[in-house]
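Okay, so here's the structure we're looking at.
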Amino acid sequence: MIRCLVVAIAILSVSMILPQAAQARCPERPACKGCGCKGGPGYRGPDGRCVGFKQLDKVCGTPPETRCTFENAPGTGENRECALGDKAAKPKG
């Protein structure tokens, strides 16, 4: 009985800690409308969907305005490091 209680408390503790750790790494942004609201680059692709950092060059071209529309949503680009993870620190080459 005590063992089950200890296991239940451990599971509960971990389930409360993990979401907080994820929020510390990549904070949520306030709700808004348009591309870039969650920290993306803020471009809408030719198919009408928002384009992420990873697909920006492939979908939009260089410069991105070649095939995409910049919506300039508030907070655009603020989550770049979170969205790309380790790839954000590595230069292209």
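We did not get these values from a lab; they are worked out from the coordinates using the rules stated. Not measured: the values here are computed from a predicted model. When we count neighbours, we look across all protein chains shown, and the Cβ atoms used for this are built from the backbone with ideal geometry, even at glycine.
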From the backbone phi of the range 51-68, what are the Karplus-calculated ³J(HN,Hα) couplings (6.51 cos²θ - 1.76 cosθ + 1.60, θ = phi - 60°) in whole Hz, Gly and Pro given as x?
9, x, 4, 5, 9, 4, 5, 5, 7, 9, x, 10, x, x, 5, 4, 10, 10
Starting with the fewest neighbours, write out LYS54, LYS38 ranked by other beta-carbon atoms found within 10 Å of each beta-carbon.
LYS54, LYS38
